[in-house]
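Q: The structure under discussion is supplied below as structure tokens; questions concerning it will follow.
The values are calculated or read from the model by the stated rules, or taken from the named source; none is laboratory data. None of the values given here were measured: they were computed from a predicted structure. Every residue, glycine as well, gets a Cβ built from its backbone with ideal geometry; the counts of neighbours run over all protein chains shown. Ligands, DNA and RNA are excluded from the accessible area calculation, which covers all protein heavy atoms including side chains. Shrake-Rupley method; radii C 1.70, N 1.55, O 1.52, S 1.80 Å.
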Amino acid sequence: MLQLVTIGWMCVELSVALFAGIRARSVALTAFGADSGIELLSAFVVLQRFASGSISERLAARISAALLYVLAAYIVVTSALSLVSTPLQPEPTVLGIGLLVVAAIIMPLLGRAKKKLAAETGSRALSADAAQSNICAYMSWIALAGLLVNFFFNLAWADSVAALLLLPIVLKEASEASKGEVCHC
């Protein structure tokens, strides 16, 4: 049931973040949305492992790693373009801010519930998924800071800076996933 709630929320998060992010040209918000898509994949893998055990944790981790490296490249390229090109600078987005506030509340709650259930069941896959939820919470706070600075002070560069601040988290996640390790955030 917990994974179904996660999957439902990740679908909302992915859709709204990409819609609002693309509309506002927000690198931080679209990067957050892309990470939500990767987290959605992770939630499906965990659900599948509980349902049938047919998906290898190692294969799923490597697919996630590849997607995270692509996300990191996207962040670097689009942030650089946004910082140097006025037509590509992001606009403030109330919808994006609202989504990130909700995500900052929901994701730690999901992370805690998954961590508790992972300990009860001894599931490494669920433990990794709990870490993904916690990382999503950190990312929502960072992206939210960039969007709020842009909204209140009309400083478009704050969005790209926030996106670049997401890079260490994304790259750490990618590195651990490529080795098949579980993040212990």
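Q: What accessible area, in Å² to the nearest ten, does a 1.4 Å probe give for residue 12?
A: We get 70 Å² for residue 12.
Q: Still on this structure, please answer the following. What size of dipole, in debye to the nearest 20, comes out for the chain about its Cα centre when the only charges are +1 on Lys and Arg C-beta atoms and -1 on Asp and Glu C-beta atoms? Spell out each step's value before the answer.
A: Details: 12 positive and 11 negative charges, 59 e Å.
About 280 debye.
Q: Quick one: net charge of residue 170's neighbours, Cβ under 14 Å, K/R +1, D/E -1?
A: So the environment of residue 170 carries a net charge of -3.
Q: Going from most exposed to least, what order do 136, 11 have by accessible area with a 1.4 Å probe? Intermediate values should be presented prior to the final figure.
A: Values: 136 0, 11 55 Å².
Sorted descending by solvent-accessible area, the residues read 11, 136.
Q: Once each part is reduced to its C-alpha centroid, what is the distance from region 102-163 to region 10-42 in angstrom?
A: Centre-to-centre distance over Cα atoms comes out at 12 Å.
Q: How big is the chain along each principal axis, measuring the range of its Cα positions in Å and listing the largest first?
A: That works out to 50, 28, 23 Å along the principal axes.
Q: So for the pair residue 86, residue 124, with labels modelled 7 Å out along Cα→Cβ, what separation do we get in nm?
A: Calculated label separation equals 5.4 nm.
Q: Using just the helices of the chain, give the 222 nm mean residue ellipticity in deg cm²/dmol: DSSP H runs with n ≥ 4 each add -39,500 (n - 2.57), and the total is spread over all residues, rounded to 500.
A: Mean residue ellipticity at 222 nm (helix-derived): -30000 deg cm²/dmol.
Q: If you take every residue apart from residue 96 with its C-beta less than 15 Å away from the C-beta of residue 96, what net charge results, scoring Lys and Arg +1 and Asp and Glu -1?
A: Values: positive: 23, 25; negative: 13, 35, 91, 159.
Within the 15 Å Cβ shell, the charges total -2.
Q: What does the charge dipole of region 11-83 about its Cα centre add up to, to the nearest 20 debye, if the Cβ of each Lys and Arg holds +1 and the Cβ of each Asp and Glu holds -1?
A: Working: 5 positive and 4 negative charges, 24 e Å.
Dipole about the Cα centre, nearest 20: 120 debye.
Q: Using the Cα centre of the chain as origin and beta-carbon charges of +1 (Lys, Arg) and -1 (Asp, Glu), tell me which of 94, 153, 178 is placed farthest towards the positive end of the dipole.
A: The listed residue farthest towards the positive side: 178.
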